[in-house]
Amino acid sequence: MHPAIEPYAHGRVTRPDGAEIYWEASGNPDGRPALYLHGGPGGGLGAGGYRRRFDPARYRIIGIDQRGCGRSTPNVIDDLAHLDANTTPALIGDIEAVRRHLGVERWLVHGVSWGSTLALAYALAHPDRVTAIVDAAVTTTSRAEVDWITETMGAVFPEEWERMASAREPGERVIDAYARLLRDPDAAVRARTAAAWDRWEGVHVLLDPLRTAGPLHPSDPRTQQIFATLVTHYWAHDGFLDVPIIDRAGQLAGIPGVLIHGRHDVSGPAATAWRLHRAWPGSRLHIVETEGHGGPEMMALVAQATDEFAG
């Protein structure tokens, strides 16, 4: 991992629908462009630890807060009337708007968790803009992955799943129930639903040896609600991907890719990374035997991959 650094520039790009997308740049202004895509959806850039995965002398590192979260505006929970406009095609359009605004021709794209799905979807939409992909905690947000994490995984955590699933109506998918309740007109219902979802988010990573029990965002109800609203919105729509990424992975041939995944990732089993690797000519897969949905060894492998692509 590289030293911690701060951005040398930041700003917002205004989109035609009024959304403003926050971006920040760090490292070498004349370096190779690289884009970081955070998880969630709704996770935000956070404290900026992603910058340490790139050599600051060789990379111009761009981070984006995806629409509706972080420092992008409006915030999703303050603008629920326009939630339906928050889709993967919209995010891809936002990325392209930032790229054009910053004068980037092509860039390496690095995503983690949901960000890995978005990186793949962006590369499929704009392959001529991507020099390489480095994905960690690999997801493709397929219907099968969503059903696993919200339904089938109840076999692993039955007591917590029963608590979480009690929010649904008879015959309703769990994910559909949460997406519905997080748009309820009653603010108390939304807050209660977000807290229940956040508890489940903290549970389904418990087989990760580096995680401790407890909610994902224990002391920040607003962040809980932002995260839960965007995650359930995207998952209820299968990531807004009309054709699953796995079915199109062959189209990534010619784009170098590195996939890094933890063996202990029960919320996102390694089968997804394996199938993607098998379908993507020229990709490389690293399975980290001691980690789950992220960890220091995985991030060190990300840094190693970006170093290799820096030339």
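Looking only at segment 271-300, count every residue that is out of contact with any helix residue (DSSP H, G or I) (no Cβ under 8 Å at 6 or more places or on another chain) and closer than 20 Å to Ala144 by Cβ and tell me the total. Residues meeting the conditions: 7.
Where helices (runs of 4 or more DSSP H) fall wholly inside segment 70-174, the ranges with 2 or more residues that are closer than 30 Å to Asp30 by Cβ, in the same structural domain as Gly295 (by TED's automatic domain parsing) and not β-branched (Val, Ile, Thr) are 88-102, 114-125.
Every condition in (1) over 19 Å from Ala4 (Cβ atoms); (2) in a loop (DSSP other than H, G, I, E, B); (3) not charged (D, E, K, R) is met by Ala57 except one, and the failing one is (1).
Take the residues of segment 10-20 that are part of a loop (DSSP other than H, G, I, E, B) and in contact (Cβ under 8 Å) with a residue 24 or more places away in the chain: which is nearest to Leu102 (Cα to Cα)? Filtering segment 10-20 for residues that are part of a loop (DSSP other than H, G, I, E, B) and in contact (Cβ under 8 Å) with a residue 24 or more places away in the chain, the one nearest to Leu102 (Cα to Cα) comes out as Arg15. Can Ile246 be described as closer than 16 Å to Thr139 by Cβ, of a type in the set (Val, Ile, Thr) and not in a helix (DSSP H, G or I)? The answer is no for Ile246.
For segment 44-94, residues that are in contact with a strand residue (DSSP E or B) (Cβ under 9 Å, 6 or more places away or on another chain) and among the acidic types (Asp, Glu) total 4. Just a yes or no: is a residue in segment 21-43 assigned to a helix (DSSP H, G or I) and buried (at least 16 other Cβ atoms within 10 Å of the Cβ)? No: segment 21-43 contains no residue that is assigned to a helix (DSSP H, G or I) and buried (at least 16 other Cβ atoms within 10 Å of the Cβ).
For segment 269-277, the criterion of being in a helix (DSSP H, G or I), without any contact (Cβ under 8 Å) to a residue 40 or more places away in the chain, among the aromatic types (Phe, Trp, Tyr) and out of contact with any Phe, Trp or Tyr (no Cβ under 8 Å at 6 or more places or on another chain) is met by at least one residue.
Those residues that are exposed (fewer than 14 other Cβ atoms within 10 Å of the Cβ) and within 18 Å of His233 (Cβ to Cβ), I need them from segment 151-183; list them, please. Within segment 151-183, just Glu172 meets the criteria. Taking Ala47, is it among the aliphatic types (A, V, I, L, M) and over 19 Å from the mean Cα position of the chain (by Cα)? Considered against the rule, which asks whether it is among the aliphatic types (A, V, I, L, M) and over 19 Å from the mean Cα position of the chain (by Cα), Ala47 comes out as no.
Name the one entry in Gly63, Gly46 that is assigned by TED's automatic domain parsing to the domain that holds Pro296 and modelled with pLDDT under 95.
Details: Gly63 fails: modelled with pLDDT under 95.
Exactly one of Gly63, Gly46 is assigned by TED's automatic domain parsing to the domain that holds Pro296 and modelled with pLDDT under 95, namely Gly46.
The values are calculated or read from the model by the stated rules, or taken from the named source; none is laboratory data. A quick note: this is a predicted structure, and the numbers were derived from the prediction, not measured. Here the Cβ is made from the backbone with ideal geometry for all residues, glycine too, and neighbour counts use every protein chain on show.
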